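I have placed the structure first, in the form of structure tokens, so that the comments after it can refer back to it.
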Amino acid sequence: MSTPKTGVGEFTVWDYVVFVLMLIVSALIGIYQAFKARGQQSNVQFLLGNRELRALPVALSLASSFMSAITVIGTPAEVYRFGAMFLIFCLTYAIVITITAELFLPIFYRLNITSAYEYLQMRYTKIVRYIGTSFFIIQTVLYTGIVIYAPALALNQVTGFDLWGVLVGTGLICTLYCTLGGLKAVVWTDVFQMTVMIIGFAAVIIRGVVIYGSFTQILNISYHGGRLNFWDFDPSPVRRHTFWTIVVGGTFVWIAIYGINQSQVQRYLSCRSQFEAKLALYFNLVGLWIIAICAVFTGLTMYAVYHQCDPLTQKKVRASDQLLPYLVMDILRDYPGVPGLFVAATYGGTLSTVSSSINALAAVTVADVIKPFTDLSEMKLAWISKGLSFMYGIICIAMAALTSVMGGVLQAALTIFGILGGPLLGVFLLGMLFRYANSVGALSGFVVSVILTMWIGIGERVYLPTPTQTRPLPVSTAGCLDLGTDTPPSVKLGSYGGTQHTEELISRPAIADTLYSISYLYLSPIGTLTVMVVGLIVSLLTGGKKNVVDKKLLMTYKDSLCYNIYVNRSVHSENTIDKEELEAIADRKDTVSDQEPDSDKQNLEFTTNV
């Protein structure tokens, strides 16, 4: 494949060496974990690491799998185009992790399940469980194919990195260590890959600081370019990113990932205790903050470098996701091996996301599809899980190849993937919060919610938002040395600013600028709340008041860390009672608590506390 002529550096031998070393280390970790676990083959060992993992590696794995290569490349480009408001997601992450750790985790952990969708059968029926599992498998295979292909295409068109070689190579390496080492291999390779990602971001930031003398100068340029636009409290729902869309909408989006998505749930269920699982989530929050800060600072560095000569307006790159690879090849071309380090960082994000997906796909297939209908031993299930890991790895590679020829269709499919998270979250929350909810209500709410969110999502794809809604920040070509005849040396919006032809704007129906223009981050809360409202109404109309629900399936304030600390302090304050008496009192409290029937008063008390 011919190398694109971008006017910047090209890949050298040392760059390839650094990239290949990253792949080799990842493969060796998987082989080591497989060798270490020999003679201990069981399904729980393969899929959940025998439920004996510690908090820190699980935390790094959670953060790493959260950061796909699309995020590594896309977040700095987002900051370059729209400003550093993305940093507000740090507040969103804190809310999401707290809710996940204190409300969702205790339910899944005490049920001792392998698949998050087992909960749906326990709370509703088999049909609801199979619907949840089916949606997860389809969405994850589709998304994983895009995660493999999109960064490979961006890197190929800028660096000349061989497209199909890297697609097949990374896909096979990832499949290899997932199949051999199971979840432990996935977790420890994620730890290594997150380290590489942070180093890759740091290389770009440090080089930018060297160019401008200090990071203060980069911040000064960004400030005058309007990129430090953190506090936008515009309540309009059609604004793409504001404080409210990021905090409110973003919270629902990421709870659907951290709270119920198998890829994340499976990790904290692998911890040796519920306390370690909570620690893993809170440690992971620090990792998310570090990644977000590094990505935002990288975007500001990119703006400082190109604030007077936008590469996309100059047609140096074809799309915004090529901006960061272009920057790397531009400012780091004199340092052999460093561009390769950035590509390794990018594909560290790919490998961590893909490996998490493969492992999760194998887990839900065994737990939800195979195990309920068979009576196989743990060893046989472990071998089936390995076979499924290999199969799903090949399917994801094939999906990446399919992505290359389907283009816009898969972009629409990716939008559908995003809007299904809200309805699925709604089904879980409906069952966890309301004792009256039944399967008829859950299915009714889910169907109505999916139709509504898909309608809005497809409408957004047909009628793209206008620049007044997305508000891209201005870029300049005033400092370019090789100005084209069609690019005047002035400040203007780039071609990626969301501009549309005048006749298209005139022909837009009124709904295109209202419902179809609502921020993509609000689709998830719309889907979640629709399920809960419709589901609760239908449940009450179909005999939901007669429901008898095991309290283990419901959220309770007694699971929260704050409540447990309060109880422990209360017990320790009774210093006149010896240890044996305290233990006897605790046992009696637990016995009484287990015998208490569900009541409207308890549900009201829980709702108030939450």
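At-a-glance table
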{"item": "C-alpha center-to-center spacing [the range 177-244, the range 12-30] in angstrom", "result": "23"}
{"item": "Inter-label distance, nm, simple model (7 Å from Cα along the C-beta direction), THR98/ILE458", "result": "3.9"}
{"item": "R0 of 45 Å, Cβ-Cβ distance LYS558-SER507: FRET efficiency to nearest 0.05", "result": "0.20"}
{"item": "Cα centroid of the range 343-404 to Cα centroid of the range 269-340, whole Å", "result": "27"}
{"item": "Solvent exposure ordering (accessible area, 1.4 Å, most first) of HIS241, HIS307, HIS224", "result": "HIS224, HIS307, HIS241"}
{"item": "Label-point gap, in nm, between TYR223 and TRP383 - each point 7 angstrom along Cα→Cβ", "result": "6.7"}
{"item": "CYS396 accessible area, assembled protein chains, probe 1.4 Å, Å²", "result": "0"}
{"item": "Carbon plus sulfur fraction of accessible area for the range 132-177, probe 1.4 Å, in percent", "result": "78"}
{"item": "Extension gain (nm, one decimal) between ALA401 and ILE31, 0.36 nm per residue minus Cα-Cα", "result": "130.5 nm"}
{"item": "Cα gyration tensor category, rounded, prolate or oblate, for the range 268-389 with a/c compared to 1.5", "result": "prolate"}
{"item": "Probe 1.4 Å - accessible area at LYS371, Å² to nearest ten", "result": "90"}
{"item": "Residues LEU91 and GLU10, FRET efficiency given R0 of 25 Å [Cβ-Cβ distance, rounded to 0.05]", "result": "0.05"}
{"item": "Within the accessible area of the range 59-98 (1.4 Å probe), percent carbon and sulfur", "result": "76"}
{"item": "Accessible heavy-atom area order of ARG318, ARG508, ARG51, highest first, probe of 1.4 Å", "result": "ARG318, ARG51, ARG508"}
{"item": "Efficiency of FRET from Cβ geometry, MET391 and VAL210, R₀ 45 Å, rounded to 0.05", "result": "0.40"}
{"item": "Gain in span if fully extended, VAL548 to PHE243, counting 0.36 nm per residue against the direct Cα distance", "result": "105.7 nm"}
{"item": "Per-residue SASA entry for CYS480, accessible area with 1.4 Å probe, Å² rounded to 10", "result": "10"}
{"item": "TYR16, TYR143, TYR223, ranked by accessible area, largest first (probe 1.4 Å)", "result": "TYR223, TYR16, TYR143"}
{"item": "Above-threshold pairs, the threshold being 20 Å between Cα atoms, out of LYS36/LYS386; LYS184/LYS558; LYS278/LYS386; LYS380/LYS552; LYS126/LYS278; LYS371/LYS546", "result": "LYS184/LYS558; LYS278/LYS386; LYS380/LYS552; LYS126/LYS278; LYS371/LYS546"}
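The values are calculated or read from the model by the stated rules, or taken from the named source; none is laboratory data. Predicted model, so just to flag it, every value in this text is computed and none were measured. Positions of Cβ are backbone-derived with ideal geometry, glycine not excepted, and every protein chain shown enters the neighbour counts. These area figures cover heavy atoms from the full protein model, side chains too; ligands, DNA and RNA do not enter into them. Shrake-Rupley method; radii C 1.70, N 1.55, O 1.52, S 1.80 Å.
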